[in-house]
1. Within segment 218-232, can you find the residues that are in contact (Cβ under 8 Å) with a residue 40 or more places away in the chain, in contact with a strand residue (DSSP E or B) (Cβ under 6 Å, 6 or more places away or on another chain), closer than 24 Å to residue 459 by Cβ and not in a loop (DSSP other than H, G, I, E, B)?
2. Residue by residue through segment 452-470, note down the ones that are part of a loop (DSSP other than H, G, I, E, B) and buried (at least 19 other Cβ atoms within 10 Å of the Cβ).
3. Looking only at segment 489-528, how many residues end up being in contact (Cβ under 8 Å) with a residue 60 or more places away in the chain, more than 19 Å from residue 432 (Cβ to Cβ) and under 24 Å from the mean Cα position of the chain (by Cα)?
4. If the requirement is being touching a helix residue (DSSP H, G or I) at 6+ places or on another chain (Cβ under 9 Å) and either at pLDDT 95 or above or in the same structural domain as residue 310 (by TED's automatic domain parsing) (or both), which of these qualifies: 495, 446?
5. Quick one: in segment 148-166, which of the residues that are in a loop (DSSP other than H, G, I, E, B) and in contact with a helix residue (DSSP H, G or I) (Cβ under 9 Å, 6 or more places away or on another chain) is surrounded by the most Cβ atoms within 10 Å (Cβ to Cβ)?
6. Inside segment 170-208, can you point out the residues that are farther than 21 Å from residue 91 by Cβ, buried (at least 18 other Cβ atoms within 10 Å of the Cβ) and in contact (Cβ under 8 Å) with a residue 60 or more places away in the chain?
7. Tell me, please, whether a residue that is over 25 Å from residue 450 (Cβ atoms) and either surrounded by fewer than 15 Cβ atoms within 10 Å (Cβ to Cβ) or at pLDDT below 95 (or both) can be found in segment 476-488.
C-alpha cells in the first residue's frame, strides 16, 4: 500500500472562525479539541401545535418546515459535543441516542481517533455537509485522517425539536448499519492482486477495483502468505455482504499474492467506457471457461456490476424465449402474436409507443422487443416456470456461485398473476446485475452454463457451481438465431454496427418507480467474449449501455 507515512504533530496557536450557513462558528480551545460557539440573530420561525402534558397543561410541539437557524443550531450542537468528546450529549442531540452513543463512543475507544475537528459546510436545506480532520493513534504509531461526511436535521418525534437524524454514515460515509470502526492489527493480511498476465492490480490504476480488492483480501488474506499490519478499518456487520475496508494504514503488513482472471487491456477499456456515463456498470466474461475478464463501475463504493440487484428489463427475454421455445409456445420463424395490448392478472401490458406487429414471427417480436409477445404466453405457464428455467438452465438464482469475491447471483422468485407476467419481461420481482446478464449471453454462446469466476478454482481448490441441465440443441440454435437477428436487424443493431463475427445481442429498458428514465440494459456476445452493462436512469439500453458493451466486444480477448 505504499511507503509508510510520517505524521508531524501539528498544533495551532490560533483557531480561525468559520462561517456556518451565514452564522459564525468559533473554534474555542481546550487540549487540542475545539468546540463550536454558535451565534445567530432572529427568532426561530416555526408552527406549533398544542398537546396535553402529563400534568394537564398544554405543551407546545414544534411542527412545520425547519428554519435555517434550527438546522444550523442543531448541527452545531451535535458537532460541538462530538468534538469535545461528550458522547452522551452528542447522542442526545440525535433521534436515536442509543445507537449513536455506541458508535460515537467507539470512535475514540475502538478506532483510536483523537484531536478531531469538524468543519461544517453550507447547509443544503436540512442537510449539513462537514469535513473531518483528525489523527489515528495506536501505541506509538499515528497517521492523519481526513474525510467528508454529512448529517441531516429532522424534527424529533414527540416534541418536534430539531435533532440530527442518526445513521452510521454521519460518523464516516463508508459505515452502514451494523458496521464499526476499529484500529489495531488487521485480522486479515493484505494481498497483492495480479491480473492474468502477472501485472499488479491497484485501485489507483483501476478505480473500479477498490471493492474487488477488498473482497480478495477478505477471502484470501489468511491463506495467501501475507502478514497483517496496523490499520484503521471498517468492520462490516454480520448481515453485510460487503468486505471489510481499510481506511488508514499505520504500519505496513506483508501482502500475499492472489492471481485473478482479469485482462488488463479489457479492464482499462471498461474503466474508460463507464467513466463516460453516470451510474454505468459492465462485466465481461469468456463463455468457454467462465473467466471474468473485466468489471467496472462509474460509481465508486458499491460494485453494482457484481453485487447489484436491479430489474433487468427486456434482456431477461433471452431466458424467457428459451422457456417458450422449450415448451412449444414459440418458434423463431413461426407466426407469433404481438398486439398493442395484453391484459393478464388485472394488469394491462403494452409495447413501447403501443406498437404492434401484424402477422409477424417470434423472431420479429424478439428483435423489436415486443412485450406482449411474451406476456401473451403467461396463461400457458405455471407460476414457477420461469424460476425453474433460470435456475436449472442458466444457473442463476441459486445463491451458490463461488466467484472469489462477494457477488449477487440473481433472483427470479416464484410469483403469480400480473407479477408473474411482468417477470417474463424482466420486471416484477426479477433482480439481476451485469455479471448475471453477461452470464446469460455466455450460456447461449457456449451452449451450457459455466459459473463466472474471478479467481481460478485451482488457487483454493473450490468447486464451481453447475446448472442441473442444458438446453436442447434445437432450443439453443433458435435462441442464437434470435440474438443474432437482434444484433444485426433489431433494437441492438445500431450499437453492434461494426462488431463482426459470430454475434448476438439483446437490449433492455427497466422501469423504476419514481425514476424519470428507465435503466438501460444491454447483453451480447461475440466469439469467445460475452458482456453486459447497465446505465441506471440512462434511458433505452441500445443507446446507453449498448455502446459500452459493443466497444469491449470489439477488442476481442
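1. Hit for segment 218-232 is 220, nothing else.
2. 452, 454, 455, 465, 467
3. 0
4. 495
5. Restricting to residues being in a loop (DSSP other than H, G, I, E, B) and in contact with a helix residue (DSSP H, G or I) (Cβ under 9 Å, 6 or more places away or on another chain), the top hit is 166.
6. Selection gives 183, 186, 189, 190, 191, 192, 193, 195, 201, 206, 208.
7. No, there is no match, as no residue in segment 476-488 is over 25 Å from residue 450 (Cβ atoms) and either surrounded by fewer than 15 Cβ atoms within 10 Å (Cβ to Cβ) or at pLDDT below 95 (or both).
Table: residues versus (1) outside the structural domain of residue 159 (by TED's automatic domain parsing); (2) surrounded by fewer than 17 Cβ atoms within 10 Å (Cβ to Cβ); (3) part of a helix (DSSP H, G or I).
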| residue | (1), (2), (3) |
| --- | --- |
| 76 | no, no, yes |
| 80 | no, no, yes |
| 83 | no, no, yes |
| 90 | no, no, yes |
| 99 | no, yes, yes |
| 105 | no, yes, yes |
| 111 | no, no, no |
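The values are calculated or read from the model by the stated rules, or taken from the named source; none is laboratory data. Fair warning: this is a prediction, and the values are worked out from it, not measured in the lab. Methodologically, a virtual Cβ is constructed for each residue, glycine included, from the backbone with ideal geometry; neighbour enumeration extends over all protein chains shown.
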